[in-house]
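Read the structure below first, then the notes.
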Amino acid sequence: MNDMTHDSYTTEDGRTIGGVVMEMKNITLRFGGVVAIENISFDIREGEIRAIIGPNGAGKSSMLNVISGFYVPQEGDVFYKGQKRPPMRPYQVAQQGIARTFQNIALFEGMSVLDNVMTGRLRQMKSGLLAQALWKGKAEAEEVANREAVERIIDFLEIQHIRKTPVSRLPYGLKKRVELARALAAEPSILLLDEPMAGMNVEEKEDMSRFILDVNDEFGTTIALIEHDMGVVMDLSDRVVVMDYGKKIGDGTPDEVRNNQAVIDAYLGVAHD
Amino acid sequence: MVQSSQATGGLASIPALLQRNADQHGAKAAYREKEFGIWQTWTWADTEKEIEALALGLINLGVAEGDFVAIIGRNRPYFYWSMVAVQSVGAVPVPLYHDSAADEMAYVLGHCGAQYAIVEDQEQVDKVIEVQDQLHQFTHMIYIDPRGLRKYDHHQLHQFSHIQDQGRAARDEWITDLKERRSKLTYDSTCVMLYTSGTTGKPKGVVLSNRNIIESAKNACEFDKLNAGEEILAYLPMAWVGDFIFSIGQAYWTGFCVNCPESPETMMTDLREIGPTYYFAPPRVFETQLTNVMIRMEDAGGFKRKMFHHFMDHAKKVGGDILDGKPVGLMDRLKYSLGNALVYGPLKDTLGFGRVRVGYTAGEAIGPEIFEFYRSLGINLKQLYGQTEASVFITVQPDGEVRADTVGVPAPDVEIRIADDGEIFYRSPGVFVEYFNNPDSTASTKDAEGWVATGDAGFFEEDSGHLRIIDRAKDVGKMADGSMFAPKYVENKLKFYPDILEVVLFGNGQDRCVAFINIDLTAVGNWAERNNIAYASYQELAGHPKVLDTIQNHVETVNKSVARDPMLSGCQVHRFLVLHKELDADDGEMTRTRKVRRVIVADKFKDLVDALYDGAPTVSTTTEVTYEDGRKGSISATLELRDAKVVAVTHQQVAAE
């Protein structure tokens, strides 16, 4: 079921999926006596859209937080680009090229969309504090280059009309898009999306799906996402990990997962003895 | 129709004008588009190179003289270049409404037998591919934005910039060919084919020649003294004749600059940044802007609101006269300048009209109050009356003779004749060549002498020589006592109020008029919020007694104003109701361009019309509605019918002519 070879292959729709870029090995995460994640292993391949699904409380967000370095698991290792990753702070993980969005939007509400997206470029700003304050020489050139990169993302996500609008005045669906823009601004090699479509109506979901596919197609970004809407997940992803009560109960292509008895039971419910 | 290209100095086609502009205005901006947050500029010299590269690429692709090339996208320099490049190779550009559904596109593409299409992005590519198997002649498609299209089969699909690159690479091979094709273009060659939106039946392809476009553009430029220094914002659909005349005809004739917005949603911001000097909009755009201003003023602080209303009242009194150069007292002038510094100036800048020298509205009658609002601010907004078949211009208002109730005098070189039944006919160098592949329609619209029937009824005012449009000829009727029934006139007066979105007036053949009214949810919702009126739905708000009181006040004010017009005083509204649903194109009650389909509305809500006439105080009704996804449902409501005060008029017989 789980393809462990590291050879690249081409999907039906003509995208190239590379070798394993990130691997989770026997991860266990506990909060006191509560086991949030129990001995889970899976991998993410370069250029794929990888979904993590499961019922409420299955440990999906915890898993994403392990990947982003927010939680450090008690057991198990994370391998990134073939290297075992030592325990890291989230900003160090971000510096490695992993960007994320949040389930509960975490933008700077009082700042404009443009400024929010610019914060995503922090990793690309190398000039010193003094140069930034005086805004001379290197700092100025850097800002111009970064602004251009940000404008391309604004264009890509079609949010030109709210460029100068404070985030607090935006409706929910647009805030989600701004968050995606900020994550993209970091030019990540892996993009983590925590429930990108939660609380959206059908039309907004369609738009967001299109953006996710376009990001993957256009920039070749590897995407790991958590999502509730099964229909969306099955359409979007190349491979799916299914979690339930902190355990992995399925892993494979959408079709494989759909026909997996354990997954069907978890979603439709079975009598527990 | 004796004009020849001699009159325009041998410049017999748009590509010829392009060459001239590149020579004379080479370094001057021709196009701007906001992209990645910055206005990108192309000079006339750049434009000429871009268009040449594309034209060579099209020849390289196999485009032959006389082929039809569809152009589908929003206003972008690339599409304007495409039109001219297509003309340069002797083919015919056919711009389509980019928001049409795939099957509407299939009809037009099939009807003209388009072999090529130049489209904007994945969305349009998908639409054309969806209908491609119905189009046997269709071969190649060119797209501008490659996003999402990388995986598509590229045997017959090409990126715009690649076609240009191929053209540049094959320049030596094809340049003689291109020059030869360009030199063959004459005043009688087809310039463009435009499909009319088609309120009745299938769309018709209006063929316009270089003569039609260039003569009309030249005359209109001279009329308004437009020059190469003008700036316009191109935001109206490219498939519409107005955009073709302004953004291609007049732009190429004078060499002025066409600015394209970043996206449809940023249009208002872009308008403000560009500050056009020459501006065009249908009445609906002005109505929406005015409603927004009024809503924002209601939300403003007390001092600002008072200042706004105080100075707007003053502007209403003297603003129009100052604009027309009529004598106005010194004190009034001083007060107007003060108002200009405090209110009118900032307001015009916010609206993006700070630099407008000439502005036009057309397409539909504009409410006189709306019209005068803009004029009183010092914006030289004028009306014109035109049609696709006339290359736009039939009548225009000269500076200083602008009035809300007329559409002006015949445009230069236009002859107008009013038939016995009031229908307007015209003849001009702009009169279209034919409806493509539709000789019957051509014959029934244009007679052997070149006179074209407009379908509108109107008359010339004796003292001013201005044309007054009464209504669509088929909508104008007679009341039971023989006086004229012209619904649009009254409806437009009511629609001036921000809280009224739509009105349908009935009364043809009856002894009195009654009306259906749709409230504007934005404006009324805002009002309800400020007055702590809770409501759960459109229907509930529409039936609220306080809303009905307000509407009743509006109706009675309008009645007073209608009563003052000797010809139309019979059209006062005796009874009205506020409809429980918005009139909607999905239910067939309106066209896609939001024009009310009277006959259908009258038929569908017959019970309501009857109730208005039989004097009942309330009426219960059930209406079928169609949701956006095509499902059907029904809503039922009990509506309150209200009587409105009318002004008694001593009846006098007035002839309609």
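When residues in the stretch A:116-139 are screened for being without any contact (Cβ under 8 Å) to a residue 12 or more places away in the chain and either buried (at least 17 other Cβ atoms within 10 Å of the Cβ) or assigned to a loop (DSSP other than H, G, I, E, B) (or both), 4 of them pass.
Looking at the stretch A:61-90 only, could you name the residues that are among the β-branched types (Val, Ile, Thr) and loosely packed, with under 15 Cβ neighbours inside 10 Å? Passing the criteria: only A:Val72.
Taken over the stretch B:421-454, the criterion of being over 28 Å from B:Tyr187 (Cβ atoms) and either assigned to a strand (DSSP E or B) or not assigned by TED's automatic domain parsing to the domain that holds B:Gly408 (or both) is satisfied by B:Glu423 alone. Of all the residues in the stretch B:253-291, those that are closer than 23 Å to B:Ser82 by Cα, more than 14 Å from chain A (Cβ to nearest Cβ) and in contact with a Pro (Cβ under 9 Å, 6 or more places away or on another chain) number 2.
Pairing each residue of the stretch B:313-324 that is free of Cβ contacts under 8 Å to residues at least 40 places away in the same chain with any residue that is assigned to a helix (DSSP H, G or I) and basic (Lys, Arg), provided the two are 6+ apart or on different chains, yields C-beta distances under 7 Å for B:His314/B:Lys335.
Where helices (runs of 4 or more DSSP H) fall entirely within the stretch B:491-593, those with at least 2 residues that are surrounded by 19 or more Cβ atoms within 10 Å (Cβ to Cβ) and touching a residue at least 60 places away in the same chain (Cβ under 8 Å) are at B:521-530, B:545-563.
Counting only helices (runs of 4 or more DSSP H) that sit completely within the stretch A:140-239, those holding 1 or more residues that are among the hydroxyl-bearing types (Ser, Thr, Tyr) and away from chain B (no Cβ under 13 Å) correspond to A:172-185.
Looking at A:Gly250, A:Gly246, A:Gly173, can you tell me which residue is surrounded by fewer than 21 Cβ atoms within 10 Å (Cβ to Cβ) and among the small types (Gly, Ala, Ser)? Selected residue: A:Gly173, the only one of A:Gly250, A:Gly246, A:Gly173 that is surrounded by fewer than 21 Cβ atoms within 10 Å (Cβ to Cβ) and among the small types (Gly, Ala, Ser). Scanning the stretch B:316-348 for residues being within 27 Å of the chain's Cα centre (by Cα) and either at pLDDT 90 or above or outside the structural domain of B:Glu372 (by TED's automatic domain parsing) (or both) gives a total of 5.
Would you please name the residue that is surrounded by the fewest Cβ atoms within 10 Å (Cβ to Cβ), looking only at residues in the stretch A:1-16 that are at pLDDT 75 or above and within 14 Å of chain B (Cβ to nearest Cβ)? This residue is A:Thr10. For the stretch B:258-279, a residue qualifies if it is surrounded by fewer than 24 Cβ atoms within 10 Å (Cβ to Cβ) and among the hydrophobic types (A, V, I, L, M, F, W, C), and the qualifying residues are B:Met267, B:Met268, B:Leu271, B:Ile274. Is one or more of the residues making up the stretch A:86-101 within 14 Å of chain B (Cβ to nearest Cβ) and not in a strand (DSSP E or B)? No, the stretch A:86-101 contains no residue that is within 14 Å of chain B (Cβ to nearest Cβ) and not in a strand (DSSP E or B). Taken over the stretch A:8-23, the criterion of being part of a strand (DSSP E or B) and of a type in the set (S, T, N, Q) is satisfied by A:Thr10, A:Thr16. Contact annotation: residue pairs with Cβ atoms under 8 Å, 6 or more positions apart or on different chains, pairing a residue in the stretch B:14-35 that is assigned by TED's automatic domain parsing to the domain that holds B:Val192 and surrounded by fewer than 20 Cβ atoms within 10 Å (Cβ to Cβ) with a partner that is in a helix (DSSP H, G or I) and among the acidic types (Asp, Glu), are B:Gln19/B:Glu48; B:Lys34/B:Asp270; B:Lys34/B:Glu273; B:Glu35/A:Asp155.
Selection over the stretch B:140-159 of residues that are over 24 Å from A:Glu12 (Cβ atoms) and either within 14 Å of another protein chain (Cβ to nearest Cβ) or surrounded by fewer than 16 Cβ atoms within 10 Å (Cβ to Cβ) (or both) gives a count of 2.
The values are calculated or read from the model by the stated rules, or taken from the named source; none is laboratory data. All values reported here derive from a predicted model rather than from experimental measurement. Glycine also receives a Cβ, built like all others from the backbone with ideal geometry; neighbour counts cover every protein chain displayed.
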